[in-house]
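One structure follows; several queries about it will come next.
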Amino acid sequence: MIPSRFQGRLRLPMIAAPMFLVSNPDLVVASCKAGIVGTLPSLNQRTAAGFDDWLKEIRERLGDDAVPYGVQFPVHKTNTRLAEDLATTIRHKVPLLITSLGITREVTDAIHAYGGLVFHDAISVRHARKALEANVDGIIAVCGGAGGHAGTYNPFAFLGELKPLMGPNRTLLVGGCIGDGYSMAGAIAAGADMVYVGTRMLATKESGAMDANKRLVVESDITDVVYSDQVDGVGGNWLKSTIPPPTAALGKDDVDTSSMLSDLKRWRDIWSAGQGVGSIKDTPTTAELIARMEGEFVAATHRLRGVESARAPAEATA
Ligand SMILES: Cc1cc2nc3c(=O)[nH]c(=O)nc-3n(C[C@H](O)[C@H](O)[C@H](O)COP(=O)(O)O)c2cc1C
């Protein structure tokens, strides 16, 4: 289900997914003002103090009654900022924490204590089960074709395995190649409560991606995206033309692959995007994009109703 704290407050059941070096306060604020949940990775700020400043800025710009926003960080021993960023998140009572790589009961308890929610991003059923044991409020099924560190599972198959684990009060989200209201409606028809959208949000006016990166996303199609663990040691989707030739390829043994901080240079030079790039044709404002997606979402529900009303009753086909 959509969390009770989000119900009646969102224009679309959608989270603008956190993106390293891309999500910034402008994108979070524009997303929330457009009626979806805006998020950013804490590590997009180089220091814990900078992260604190960003949260102050977001709260000031959004005001108290705004659509909820969220932050993301890995809950893993190699995240050297974990304790500080968690403390900052709690101090600001951030409505949603998105965790990756790991999650503990201590973290969920600390966020729940002030009324916040925790969603965990998972690429396997095993990771999802562990997160549910740690009492998270939602699971994000990051599927094949997603931008960033992606899973490999087909969304229908992954949702099918996760749905029975969720129970009545938890939220199931799906991410990977959702870039318009039609795919959003499809994901929801297939069992997701909300969708998680990255690459489409990268090509918006407010995103912090470089202009050349936005242009390349707009110009690319599915053949330009390659899934590889050669960039930072973890399987992810990348825009092929930005990957250096093999001689310059980056070994995975010499970096701490769990910490985005150590990956700063390679993520700045090698651009990640999901397989959904082919349907991204422009760089609208976030408000324009969400208004368009809303129209598509409504049209998709009409399509389903059209199919429904054209069905023959069972007796007629027997
Ligand atoms: C450029 C880029 C950077 C990303 N950085 C992060 C990140 O720092 N943390 C994270 O949890 N996910 C990150 N992701 C993954 C997204 O949060 C999300 O799972 C994904 O974008 C959804 O698939 P889509 O891009 O096909 O919409 C990134 C994705 C992209 C495209």
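Nothing in this text is a laboratory measurement; each read-out follows from the coordinates by a stated rule. Quick caveat, the model's predicted, so the values are computed rather than measured. Cβ coordinates were reconstructed from backbone atoms using ideal geometry, including for glycine residues, and neighbour counts include every protein chain displayed.
If you find the alpha carbon centre of segment 164-220 and of segment 102-146, how far apart are they in angstrom?
Each part's Cα centre sits 18 Å from the other's.
Would you kindly work out the equivalent ellipsoid of the chain from its C-alpha gyration tensor and give its semi-axes, the square roots of five times the eigenvalues, largest first in whole Å? Please report the intermediate quantities before stating the final value.
Working: eigenvalues 167, 117, 83 Å².
So the equivalent ellipsoid measures 29, 24, 20 Å along its semi-axes.
How would segment 1-156 be classified by its alpha-carbon gyration tensor: rounded, prolate or oblate, with rounded meaning a/c under 1.5 and the a/b versus b/c comparison settling the rest? Please report the intermediate quantities before stating the final value.
Numbers: a/c = 1.36, a/b = 1.18, b/c = 1.15.
Verdict is rounded for segment 1-156.
Can you divide the C-alpha Rg of segment 146-248 by 2.2 N^0.38 Å and report the result to two decimal places? Show your work: numbers first, answer last.
Numbers: Rg = 15.7 Å, N = 103, 2.2 N^0.38 = 12.8 Å.
Normalised Cα radius of gyration, segment 146-248: 1.23.
If you place +1 on the Cβ of every Lys and Arg and -1 on the Cβ of every Asp and Glu, how big does the dipole about the Cα centre of segment 29-136 come out, in debye to the nearest 20? Before the final figure, lay out each step's value.
Numbers: 13 positive and 12 negative charges, 59 e Å.
My answer is approximately 280 debye.
Which of the helices in the chain, when you take each full DSSP H run, stretch at least 20 Å along the axis at their Cα atoms and have an average Kyte-Doolittle score of 1.6 or higher? Please report the intermediate quantities before stating the final value.
Working: long enough: 48-62 (21 Å, -0.65); 286-309 (34 Å, -0.05).
Helices passing the filter in the chain: none found.
Which residue, chosen from 317, 79, 124, occupies the Cα position most advanced towards the positive end of the dipole of the chain, where the dipole is computed from +1 (Lys, Arg) and -1 (Asp, Glu) charges on Cβ about the Cα centre?
The listed residue farthest towards the positive side: 317.
If R0 is 45 Å, what FRET efficiency do you get for residue 47 and residue 302 from their C-beta distance, rounded to 0.05?
Working: r = 49 Å, r/R0 = 1.09.
After rounding, the FRET efficiency stands at 0.40.
Also: Equivalent ellipsoid semi-axes for segment 1-66, as square roots of 5 times the alpha carbon gyration tensor eigenvalues: give them largest first, rounded to whole Å. Mind showing how you got there, number by number?
Working: eigenvalues 96, 35, 20 Å².
Values for segment 1-66, descending: 22, 13, 10 Å.
Considering segment 91-166, what Rg and Dmax in Å follow from its alpha-carbon atoms?
12.7, 39
Still on this model: Please list, by residue number, every one of the trypsin sites (Lys or Arg not before Pro) in segment 275-318 that is coil in DSSP and has at most 15 other beta-carbon atoms within 10 Å. Don't skip to the end; give the middle numbers.
On the way: sites: 281, 292, 303, 305, 311; in loops: 281, 311.
Loop-located and lightly packed - 281, 311.
Another question, then. Two decimals is fine: what is log10 I(q)/I(0) at q = 0.18 Å⁻¹ for segment 69-212, from a Debye sum with one equal scatterer on every Cα and no solvent?
For the requested q values the scattering log ratios are -1.08.
Still on this structure, I have one more. Hey, in the GNM for the chain with a 10 angstrom Cα cutoff, which one of 118, 226, 307 fluctuates hardest?
307
Could you give me the radius of gyration and the Dmax of segment 47-102, taking only the C-alpha atoms into account and expressing both in angstrom?
Considering segment 47-102 through its Cα atoms, Rg and Dmax are 11.6, 35 Å.
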